[in-house]
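This report refers to the structure that appears directly beneath it.
The values are calculated or read from the model by the stated rules, or taken from the named source; none is laboratory data. Quick caveat, the model's predicted, so the values are computed rather than measured. We place every Cβ from the backbone using ideal geometry, glycine too, and count neighbours over all the protein chains shown.
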Amino acid sequence: MGGLMPKETVTMSTREIDRGELIRRVREKRLTQTKAAALMRLSVRQVKRLCRLFKDNGLAGLASRQRGQPSNRRLAVETKAKVVALVRERYTDFGPKLAHEKLAEVHGICVGRETLRGWLTEAGIWLPRAERTLRVHQPRHRRQCLGELVQIDGCDHEWFEARADRCTALVYVDDATGKLMELRFVVSESAFDYFAATESYLGRHGKPVAFYSDKHSIFRVNQEGASGRAGGITQFGRALGVLNIDIICANTPQAKGRVERMNKTLQDRLVKELRLRGISSMAGANVYAPEFMEDYNRRFARAPMNPHDAHRPVQPNENLAQIFTWQEERTMTRNLVVHFRRLSFLIVPSPETLALAGRRVRLHESADGQVEIRYADKLLPYTLLDKQPLVAPGEIVENKRLGAVLSVISAGQEERDQRRMASKKLTLRQKERLGATRSQLGRIPNAPLVPSPPGPGPDRLAQALAATQMGAGCGPVMADFFAKFTAEQKARRKKYNDISNQRKRDRELLALKTQADLSRRVVGGGGAAPQPGVDASASLRAVDAR
């Protein structure tokens, strides 16, 4: 092969081998150089050059001389060493993509992401997915008794397809038998929904030995110091602890694979059953759930290895309605006031409650928002003082203007309700209760009640009054009242602004007087001269004139 060693190996691409066949035909006079150039999309001069290489070195002469050589556009070795050292020092646990972003944003080093991946792999910092050791999840034996271990999980899915909104199904599955023990449809996973589902479970089957769940914040404290989670226990865990039921959190979804496979089965069977029965609401699905569970268990449940039922009956002294409430502790002030959720609860004074001043009391909040205050299981009566009153205190008005005043009050209440419904501080359950209250009062829960003002400002109340004034049934008397009320509001704002400005001027004069006194003492004592730009005499004259 034209001087090459017989055992030398030459690496060539398919394209180069095809070119060699065409050049061979040109050398054998079976193909013209012009035709070969057209087939290879090269010029005739390049074909002549390839023919000379083929004549001197054979097929190996057509191989690219750049193969196996470093790229002409490669980065410097110093840059590579710097990047690898920087990643090893500060971004050891970062992936190539995130490390690439931080190198560009923080250090101004622009390196290709795949180039960085190769460097990190070569340095042993990053392990490619193909080389990682697969985690093995070996199966385990079922528990022996019914009720010994119950797996629980929430499955968010389009259970009603396009007929209704997406919702979540709370699923309880027994580990020993695979029986579907509880099924409840809710808007989303929450502590109160799990309270209701667990209370239904206990009333139907009794208390199991343990529940097996994931690491959701309902079951496990993921952040210490959260409200209502003192001692590292969630509200759901506290309720189970009172009932002597353990809660176990799985490290992986595969560990609670029985309920995960149940979710997959329900997403197929239950969705079709709901479609055939025309059920398109969570209330209808919850009514149908017991029938579906009975049919499912009859078809697929298996007998346990041990016929003993590990469920324990609920004791008469275990009040489930009281246990499954949101409970937090507060300190009662010496004035017998308890603060909770921006509300003030005034304990009714009595010889018994006066002795509890300064003690820690427990508040029980139920799903409907009702709050009970207890001390050592003794119920304390109270009255509620809302820190954000719905009705602002007003002035005394004449009887003939009472209708207009009530109209303004009603408009203000509706506007406040509208702002509360749009607030992110309220939970979905609290917004549902507020919407139900508005529905009882004859208001549309989600419809705008009054024209929303463009934003906070001094004319916000005037705009709301003007919008109310433009409504139907606004007579001359009411219009006159609105005009007078608006003028009074403007005068009150002007007075408040004047007082604020006067206080600001007083503070400035006091500062000038203090600085002048300090300068006088410094000059009198032979110290440094007063600061330039401060006229002490002028400041004193201004203060004296004031």
Flag if Leu75 is touching a residue at least 40 places away in the same chain (Cβ under 8 Å) and of a type in the set (A, V, I, L, M): yes
Among the numbered criteria (1) modelled with pLDDT of 90 or more; (2) of a type in the set (Lys, Arg); (3) under 21 Å from Thr198 (Cα atoms), which one does Lys256 miss? (1)
Here is a check on your reading of the model: is Arg143 in contact with a helix residue (DSSP H, G or I) (Cβ under 7 Å, 6 or more places away or on another chain), basic (Lys, Arg) and buried (at least 21 other Cβ atoms within 10 Å of the Cβ)? no
It is to be established whether one or more residues within the stretch 455-467 are modelled with pLDDT of 50 or more, assigned to a loop (DSSP other than H, G, I, E, B) and of a type in the set (Gly, Ala, Ser). no
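In the set Arg360, Arg334, Arg342, which member is among the basic types (Lys, Arg), over 30 Å from Lys207 (Cα atoms), exposed (fewer than 15 other Cβ atoms within 10 Å of the Cβ) and within 31 Å of the chain's Cα centre (by Cα)?
Arg342
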The lone exception for Phe195 - which of (1) surrounded by fewer than 21 Cβ atoms within 10 Å (Cβ to Cβ); (2) part of a helix (DSSP H, G or I) it fails: (1)
Subset of the stretch 52-64, residues surrounded by fewer than 17 Cβ atoms within 10 Å (Cβ to Cβ), part of a helix (DSSP H, G or I) and in contact (Cβ under 8 Å) with a residue 24 or more places away in the chain, comes to Lys55, Asp56, Asn57, Gly58
Might you let me know whether the stretch 240-251 holds any residue that is at pLDDT below 85 and not assigned by TED's automatic domain parsing to the domain that holds Glu329? yes
What number of residues within the stretch 297-322 are of a type outside the set (A, V, I, L, M, F, W, C), closer than 23 Å to Gly241 by Cβ and out of contact with any Leu (no Cβ under 8 Å at 6 or more places or on another chain)? 7
Mind checking which residues of the stretch 65-95 are over 36 Å from the mean Cα position of the chain (by Cα) and assigned to a loop (DSSP other than H, G, I, E, B)? Arg65, Gln66, Arg67, Gly68, Gln69, Pro70, Ser71, Asn72, Arg73, Arg74, Leu75, Ala76
For the structure I just gave you, tell me whether Glu199 is under 30 Å from Arg330 (Cβ atoms), at pLDDT below 90 and either touching a strand residue (DSSP E or B) at 6+ places or on another chain (Cβ under 7 Å) or of a type in the set (Asp, Glu) (or both). no
Exactly one condition in (1) more than 19 Å from Glu122 (Cβ to Cβ); (2) surrounded by 15 or more Cβ atoms within 10 Å (Cβ to Cβ) is false for Val83; which is it? (1)
Given the condition surrounded by 12 or more Cβ atoms within 10 Å (Cβ to Cβ), of a type outside the set (Lys, Arg) and assigned to a helix (DSSP H, G or I), answer yes or no: does some residue in the stretch 228-235 qualify? yes
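Okay, residues lined up against (1) closer than 30 Å to Glu131 by Cα; (2) of a type in the set (S, T, N, Q):
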residue: Ser13; (1), (2): yes, yes
residue: Arg19; (1), (2): no, no
residue: Ile23; (1), (2): no, no
residue: Ser64; (1), (2): no, yes
residue: Glu78; (1), (2): yes, no
Would you confirm, using the coordinates I've provided, whether Asp193 is touching a Gly at 6+ places or on another chain (Cβ under 9 Å) and modelled with pLDDT under 95? yes
Near pairs, Cβ below 6 angstrom, 6+ apart or cross-chain, from the stretch 8-34 (closer than 21 Å to Ser64 by Cβ and in contact (Cβ under 8 Å) with a residue 60 or more places away in the chain) to any residue that is among the aromatic types (Phe, Trp, Tyr) and exposed (fewer than 12 other Cβ atoms within 10 Å of the Cβ): none
Selection over the stretch 198-218 where residues are part of a helix (DSSP H, G or I) and touching a residue at least 60 places away in the same chain (Cβ under 8 Å) yields a count of 5
I'd like to verify a number: residues in the stretch 171-191 that are of a type in the set (Lys, Arg) and within 21 Å of Ile218 (Cα to Cα), how many? 1
I need a count of the residues in the stretch 408-439 that are surrounded by 15 or more Cβ atoms within 10 Å (Cβ to Cβ) and among the hydrophobic types (A, V, I, L, M, F, W, C). 4
A careful count of residues in the stretch 309-329 that are in contact (Cβ under 8 Å) with a residue 12 or more places away in the chain and more than 37 Å from the chain's Cα centre (by Cα) gives 4
